[in-house]
1. Take every DSSP beta bridge with both residues inside the range 2-289 and express the antiparallel ones as a percent of the total, to the nearest 5.
2. Carbon-plus-sulfur fraction of the accessible area of the chain, 1.4 Å probe, in percent?
3. According to the Cα gyration tensor, what semi-axes, each the square root of 5 times an eigenvalue, does the equivalent ellipsoid of the chain have, listed from largest to smallest in whole Å?
4. Find the relative contact order for the range 273-429 and round it to a whole percent, using C-alpha pairs within less than 8 Å whose residues are 6+ positions apart.
5. Can you work out ³J(HN,Hα) from phi for every residue in the range 202-215, in order, using Karplus 6.51 cos²θ - 1.76 cosθ + 1.60 and θ = phi - 60°, giving whole Hz and x for Gly and Pro?
6. Please label the shape of the range 2-289 as rounded, prolate or oblate, based on the square roots a ≥ b ≥ c of the eigenvalues of the alpha-carbon gyration tensor (a/c under 1.5 means rounded; beyond that, a/b larger than b/c means prolate, else oblate).
7. Please report the antiparallel percentage of DSSP beta bridges with both residues in the chain, rounded to the nearest 5.
8. Using Cα-Cα distances under 8 Å and only pairs 6 or more residues apart, what relative contact order does the range 294-558 have, in percent?
Amino acid sequence: MKYVLVTGGVVSGLGKGVTASSIGVVLKACGLRITSIKIDPYLNTDAGTMSPFEHGEVFVLDDGGEVDLDLGNYERFLDIKLTRDNNITTGKIYQSVIDKERKGEYLGKTVQVVPHITNAIQDWIERVAMIPVDGMDGPADVCVIELGGTIGDIESMPFIEALGQFSYRVGPGNFCLVHVSLVPVLNVVGEQKTKPTQHSVRGLRGLGLTPNILACRSTKELEENVKEKLSQFCHVPAANILTLYDVSNIWRIPLLLRDQKAHEAILKVLNLESFPREPKLDEWVARATMFDTLQDTLHIAMVGKYTGLSDSYLSVLKALLHASVYCHRKLVVDWVASTDLEDSTRIEAPDAYKAAWNLLKSADGILVPGGFGDRGVQGKILAAKYARENNVPYLGICLGMQMAVVEFARHVMNLPHANSTEFDPNAKTPCVIFMPEGSKTHMGGTMRLGSRRTFFKVADCKSAKLYGNVDYVDERHRHRYEVNPDMVPEFENAGLKFVGKDESGRRMEIIEIPSHQYFVGAQFHPEFKSRPAKPSPLFVGLIAASSGQLDKVLQGCSNGHVVPAKHQFSNGLYTLAAHQNADVHSNGHAKKLANGLANGKYYPNGNGVHA
């Protein structure tokens, strides 16, 4: 097994995640099998209980692991399926060591950071690296490891020490360190400054790690004299100094690495020069080029609770982007804070209320993603009501589906007290109830998590056609509450069809309104299995309906041609500095959050540094 470690210096948010993913893409294109590990130095056991505002979205894996969003990057870029153990946290490591100590496995020794914690880290890496993640038998050839945080952070010190030891454990020719650093350009001087990177490398070497390759983030390509200076002061060959400069879309990053012969440098360090193949990245070239030429814009209103931070909905954004590229449309996401659609905002902040409704009404399609808690749910209900009454394409995910059901009960079935017991435990008409596959008291890892099977109950429904007329699909879940199965007959008699259910028939998975051009809700999260070459079918349906192409797409599905071979649908499954080239226009809402996305337009260019 060969290992490539990606670290970051100077500042956070440089794009270690997309760099690690892109390195994997280039090596995979050379014919190597790749697996990935993400190390997060925080004390949480996993990302499941962390606020989206704290750390972006929680990405869910097939095995139910709630992990860092960077693992979503790896899955989308490399088309692999990772496990919960591919995300290492300080909490997991310390918990495993303490459990062993309680069982007496250390034979009375004093348990210390060195060697016990550092050994546990190394053993974990070696064990997980051997797990196949690409559907083939046997271990991968190369494991790409990303160390979260920035060199010098106190919390990452045990991992740096462990990785220093690990480089000696696996021996020369089996370990390559890629250090991602910043080369800023000061406006006053106008030249690229190398001192931050010099200090970062000095700090890294002082901790026992020596970089083999430098990946320098900058607004433009590094000048030759700058490379020579970095080579001299950082003791890295000039040929091993790469520039990760700003590009038009995220899919150009692997091409950037290929053009600078990054694969040759890495293969040389890993003694894999016997792999003479040049990376075959024709599909990436075609996708990146097509994205840059898209002209016809399409507006999708994203009605969410966490619109102040776009990373909170990163997988949803990527799934929308994959589908829009497939449908040859230039995506514009109109961010609508769900609270701003509510009557209380009309009184407290009328300008924000007006701006939110203007965005919603001007959109070509509406998407209501998942969320937890009662804040903003009334706004989501209003968005579903507007889409239903005005025949606007609608996709509701998880909570977005549940609120569509509540809205239907209130305004079509005349049940004014319809609600979810998540928000009103004593609801007179409980449309959405707690379903016992979890715990009400323990928050972490107690939900209905991971891949579950959904069976189509209506053969000619839009969802089944989009998935290629299959009998069932496997999608990922993350929820505690579900539609009350006892009310399903009433809903169906009123016109709301439950076209997808679990194997027991008691859990409702997909809803549709047949008379609507596209009104679909999914209890699962289809965004987690969307890939650039295999967009999620439900997202393709939304984009196709919003751009007037749904009939054509459905007809193609009915003929057995879901998509061209290189653009297959998948029912199973990207950034360089958080959406660096995106144009965000705020409506000036007084409550607008830090990055100005509370209400406004977001033009995705495929960039963002978490893939």
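The values are calculated or read from the model by the stated rules, or taken from the named source; none is laboratory data. As the structure is a prediction and not an experimental result, all values here were calculated from the model. With ideal geometry, Cβ positions are generated from the backbone for all residues, glycine too; neighbour counts draw on all protein chains shown. Ligands, DNA and RNA are stripped out before the accessible areas are found, and what is left, the full protein with its side chains, is counted by its heavy atoms. Shrake-Rupley method; radii C 1.70, N 1.55, O 1.52, S 1.80 Å.
1. On the way: 3 of 33 bridges.
That works out to approximately 10 percent antiparallel.
2. Working: 11620 of 23280 Å².
Taking all protein chains in place, the chain shows 50 percent carbon and sulfur surface.
3. Values: eigenvalues 350, 147, 112 Å².
Taking √(5λ) for each Cα gyration eigenvalue gives 42, 27, 24 Å.
4. Values: 224 pairs, mean separation 31.8, N = 157.
Across the range 273-429, relative contact order equals 20 percent.
5. Rounded to whole hertz, the list is 4, x, 5, 5, x, 9, x, 10, 10, x, 8, 9, 9, 10.
6. Numbers: a/c = 1.58, a/b = 1.34, b/c = 1.17.
It is prolate, given that a/c is not under 1.5 and a/b is the larger ratio.
7. Numbers: 30 of 81 bridges.
So the antiparallel bridges in the chain amount to around 35 percent.
8. Numbers: 553 pairs, mean separation 54.5, N = 265.
Value for the range 294-558: 21 percent.
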